[in-house]
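Reviewing the structure listed below.
The values are calculated or read from the model by the stated rules, or taken from the named source; none is laboratory data. Remember, predicted model here, so these are calculated numbers, not experimental data. Neighbour counts are summed over all protein chains in view; Cβ atoms, including those assigned to glycine, are modelled from backbone coordinates with ideal geometry.
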Amino acid sequence: MRGDRKLFDGLSFRVTAGQALAVEGANGAGKTSLLRMIAGFLAPAAGRIVLKSAEGESAEAEERGKSIGWLGHQDGLKPQLTVREQLDFFAHLHGRKADANALERVGLARQAELPCRYLSAGQRRRLALARLLVSERPVWLLDEPFAALDTAGQGLIAQLMARHCGHGGIIIAATHDPLGLGNESLKL
Amino acid sequence: MSPAFLNPFGTLLLRDLKLAARSGGGAALALSFFALVATLVPLGVGADLKLLARVAGGILWVAAVLSALLSLDRLFQGDFEDGSLEVIALSPLALEMTALAKIMAHWLSTGLPLTLLSPVLALLFNLDVAPTVTLFLSLLIGTPAVSAVGAIGASLTLSLKRGGLILPLIILPLLAPAVIFGAGAVRLVLDGMGSGSALGLLAAFSFGAVLLSPFAAAASVRLNLGG
């Protein structure tokens, strides 16, 4: 629901390990709201969202959240911090040591000591992607992952997504662009 | 230089302290405001040294609360606007602990510096050593409550446009006990009595605020993330 308006109903889908799902639809169709529901920020008016893993089944939003890597509309970066400080923060926040290769993998190794305020929109998006790599969460929820990225950046994210699915991860992405992963799609 | 490997709570606390130091608008602004108010009041009241000493506790406590308010509206706002709060909410750190880390960071970057400056400003009010020490102690005990109660207000006004304007209206009435006990402790010493009871009540209020406010703030942040 958005206010009194019903965004969607009768929605039923399953994404298994190693799969990617593209959530498609017009602006305002509820793509972001669906991702926010899966992440546990929003509660569905009816129905339930279940995450099954080797440890068991969880329908609780907070439990589910512990398996989710989130890339929203905003990149979640602080202009006052350097690229490396920002990535270290994300890694330590998830109880992990910083991955020295993560910046290299997103093509930002040369900008490591640069404050985030000097990054372009595309570079900020790449750093947000590096955050997903260091958090090592099995389920990636991506809201418009290709936004602000140039062709090389789009190729990079496609490569990272393919690698994530290849390692048994799950990707659910709200997007207007094809994911290029031979994925299923859900039209809202 | 990358920081040492920390737990999520320490990581968030350290990051917020770093941001406060680099933003320049937090402690420096609060300290400047505190010093300006404390300088202007004696100029307005005049050279009646006894009167200045009598009003010192109240004036300096109110000035400290208002100074701390200047940076309180950004407690969650910055993270909410740039998407960091969503990432933090999905981290292993519970939102209650997130709120506590932010309260601690605010106190360390604002409340503590205000407390450390207070003995210098007490000179402008002709306060003797004993009431100055009491003022210092009362601020040391009471300013954590300002950050804690402020966190509730900051989380309630998170998704409001110009929420910073509403924030004082929400939290100033809730901080009345801290001002009453804090200023009261100084007045008791000026009257030649012990300040233990007032400081004790202030400590109880502060402890309760720090203990309970993370839960209230976390609940409010959760609601705002859903909206």
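Odds and ends about this structure:
- Single condition residue A:138 does not satisfy, out of (1) out of contact with any Ser or Thr (no Cβ under 8 Å at 6 or more places or on another chain); (2) touching a residue at least 60 places away in the same chain (Cβ under 8 Å): (1)
- Residues of the range A:96-124 that are touching a Ser or Thr at 6+ places or on another chain (Cβ under 9 Å), farther than 21 Å from residue A:146 by Cβ and within 11 Å of another protein chain (Cβ to nearest Cβ): A:96, A:98, A:112, A:113, A:115.
- Condition check for residue A:39: crowded, with 21+ Cβ neighbours inside 10 Å, under 23 Å from residue A:133 (Cβ atoms), facing another protein chain (nearest Cβ under 9 Å) and not hydroxyl-bearing (Ser, Thr, Tyr): yes
- Residue satisfying all of: in the range A:53-72; facing chain B (nearest Cβ under 7 Å) and in contact with an Asp or Glu (Cβ under 7 Å, 6 or more places away or on another chain); surrounded by the fewest Cβ atoms within 10 Å (Cβ to Cβ) among these: A:72
- Apart from one condition, residue A:99 fits all of (1) charged (D, E, K, R); (2) crowded, with 22+ Cβ neighbours inside 10 Å; (3) farther than 17 Å from residue B:90 by Cβ; the exception is (2).
- The range A:27-56 residues that are in contact (Cβ under 8 Å) with a residue 24 or more places away in the chain, paired with ones that are part of a helix (DSSP H, G or I) and surrounded by 11 or more Cβ atoms within 10 Å (Cβ to Cβ) (beta carbon under 6 Å, 6 or more apart): A:40/A:61; A:40/A:64; A:40/A:65; A:51/A:64
- Flag if residue B:30 is modelled with pLDDT of 90 or more and away from chain A (no Cβ under 14 Å): yes
- Helices (runs of 4 or more DSSP H) contained in the range B:76-139 and holding at least 3 residues buried (at least 22 other Cβ atoms within 10 Å of the Cβ) and among the hydroxyl-bearing types (Ser, Thr, Tyr): none
- Residue pairs whose Cβ atoms lie under 7 Å apart, separated by 6 or more positions or on different chains, with the first residue in the range A:7-24 and at positive phi and among the small types (Gly, Ala, Ser) and the second at pLDDT 90 or above and assigned to a loop (DSSP other than H, G, I, E, B), are A:18/A:168.
- Flag for residue A:96 being in contact with a strand residue (DSSP E or B) (Cβ under 7 Å, 6 or more places away or on another chain) and either acidic (Asp, Glu) or closer than 21 Å to residue A:164 by Cα (or both): no
- Residues located in the range B:62-89, provided they are of a type in the set (S, T, N, Q) and in contact (Cβ under 8 Å) with a residue 60 or more places away in the chain: B:77
- From the list B:68, B:38, B:64, the one residue that fits, being over 30 Å from residue A:36 (Cα atoms), buried (at least 16 other Cβ atoms within 10 Å of the Cβ) and modelled with pLDDT of 95 or more, is B:64.
- From A:93, A:77, residue being among the aliphatic types (A, V, I, L, M), under 16 Å from the mean Cα position of the chain (by Cα) and within 8 Å of chain B (Cβ to nearest Cβ): A:77
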